[in-house]
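The structure under discussion appears below in the form of structure tokens.
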Amino acid sequence: MTGTPVTSPPIAPAPGALPLLGHVLPFLRDPLAFLSTARDPGGLLMLRLGPVRAFLVCTPELAQRVLRDTATFDKGGAVFDAFRETFGMGVVGCPHTTHARQRRAVEPAFDPSRMPGYADTISDEVGVLVAGWRPGQVIDLNAALHRLVTSITLRMLFPTGVTDQTVTDVHDSLHTIMAGVYWRVTIPVAAVHALPIPANRRFQRAKARLHAVLDELVTANPQTDGGAALPLFRTAGLTGQALHDEVTSVLVAALEPTTAALAWAFSVLGRNPDAERRLHEEVDEILAGRPAGLDDLPHLPYTRRAVTEVMRLYPPMWMLTRATTRDTELDGHRIPAGSVVMMSPYALQRDPTVYDEPDEFRPDRWLPGSAVPPDAWLPFGEGDRKCLGYSLGFTEVMLTVATIASHWRPRPTRPGPARLVPRGDLNPGPLPMFLERRH
Ligand code: HEM
């Protein structure tokens, strides 16, 4: 193959490998701390996860190269095996060979012209959520936000038929499913997950429930017009299993990372009173108590910087993985076909050679003219597989943060730094918050 060196210099191993197990223990025990020590200015490190060897990409330039060459670095390996097995062959997990066709079919639903309708759905749903809050109440804000985003996403997808019960069913089943998917990725041994033990039965029941609810909603919405996404999927010619898979894929892709980004936003603001005060001043001046709408976004620059910075410190998709479809080369090293290539937006976005004081929450590093190279911010991925809901997801987070913050100040009940819980996505876990009314 052209460009592939005949002899390849050895790739340095990541630190902390043990005989036989390699990096399994540090990776399972505290993957984020482990990744923070596994840096290499040259670009690549070798990871040994038991019998599996993986290449860890350590610079933004190399990550961009991998993410942009989707024919060579395709979705595959344990993460996508588990995703496809659970959620089907929709656009999120499909291979490169079918991706362009699948993406073309769902893309019209994310056209900028659809944004005003989706923004109205977001504002309405946030309004319903906060209308139920009482001053002094302590809630698990993460669970509340997951339910909120479930409701928003279902209503963006389906013109009719979404009830409180549907939202509860999807919210509850996904909670169980995502935990199960994590274990299927961590222990990719089919026989273990087929054992008739309670955890596996719960997983299968939750999976069946999710797919049944989505089938009912697809059947209840046969039309090809209306403001939601499903009619556009139908107009693009999707039917049967292909339609079901795209709906499932988009729902899951939207729900988990958006919830995590929102949960991190409130967790970080609750621990950074100066930033929180500046955000309050901005939303008070611009919104004056109204729910935030699409037209307000250009007038909320501090909120935008704060959300950008939250997603730098806590990218919900903390690890992206690819499998090579052919022999190739990276940074002068030979990478055989079938290799696992990993890159962590979490580690890349805290690289001290790219970001000053990388662990600090400093929204003003994003002021216009900032020195941060634009390619070093990757929470939505890059290339052909870059998040299809990039603009929608960012808008959803901004509108929700601004609308909630203009009336409420959720205070963490636990002092100290936030917990980092990397599972399928990076999430702060349960977030007990004391609700203080601002206005
Ligand atoms: C803050 C919120 C979000 C974040 C951080 C996020 C992050 C990501 C990332 C990193 C990827 C690429 C994964 C990879 O390369 O392996 C991705 C893909 C995707 N996301 Fe998002 N996402 C968010 C919200 C959304 C929303 C709201 C939607 C849809 C309503 C959505 C739909 C998708 C789809 C369909 C893909 C697959 C694209 C493809 O392979 O062509 N995401 N997302």
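Shown here: the range 300-399, whose C-alpha atoms stretch 47, 30, 20 Å along the first, second and third principal axes, sorted largest to smallest.
Shape descriptor for the chain: Rg over Rh equals 0.96 (Cα atoms; Rh from the Kirkwood inverse mean 1/r).
Taking all C-alpha pairs of the range 1-128, those more than 21 Å from each other amount to 62 percent.
Seen from all directions on average, the range 149-280 presents a Cα convex hull projection of 10.9 nm².
In whole Å, how far is the Cα centre of the range 237-276 from that of the range 330-401? Using only Cα atoms, the two centres lie 17 Å from each other.
Hydrodynamic analysis of the range 289-334 uses the Kirkwood radius over alpha carbon pairs. Inserted into Stokes-Einstein at 4 °C and 1.567 mPa s, it gives a translational diffusion coefficient of 88 µm²/s. Using the charge dipole of the chain (Lys, Arg: +1 at Cβ; Asp, Glu: -1 at Cβ; taken about the Cα centre), state which of Gln165, Met115, Leu287 has its Cα farthest towards the positive end. The listed residue farthest towards the positive side: Gln165.
Taking the inverse of the mean reciprocal distance over all distinct Cα pairs, the Kirkwood hydrodynamic radius of the range 178-227 comes to 13.0 Å.
Taking every Cα-Cα distance in the range 40-99 and sorting them into 5 Å bins from zero, the calculated P(r) comes out as 4, 16, 19, 22, 20, 14, 5, 1 percent.
Here Glu281, Glu125 are placed in order of increasing Cβ neighbour count within 10 Å, fewest first, which gives Glu281, Glu125. Of the beta bridges in the chain, as assigned by DSSP with both residues counted there, near 85 percent are antiparallel. When Rg and the Kirkwood radius Rh are both evaluated on Cα atoms of the range 370-436, their ratio Rg/Rh stands at 1.04. Here the relative contact order of the range 194-323, from alpha carbon pairs under 8 Å that lie six or more residues apart, stands at 19 percent. Looking at the square roots a ≥ b ≥ c of the eigenvalues of the Cα gyration tensor of the range 224-345, which shape do they give, rounded for a/c under 1.5, prolate if a/b is larger than b/c, or oblate? Note, shape of the range 224-345 comes out oblate. Return a whole-number percent for the relative contact order of the chain, with Cα pairs under 8 Å and 6 or more residues apart as the contact set. 26 percent.
Just so you know, all these numbers are worked out from the coordinates, no wet-lab data involved. All figures in this text were calculated on a predicted structure; none of them were measured in a lab. Here Cβ is always computed from backbone atoms with ideal geometry, including for glycine, and neighbour counts include all displayed protein chains.
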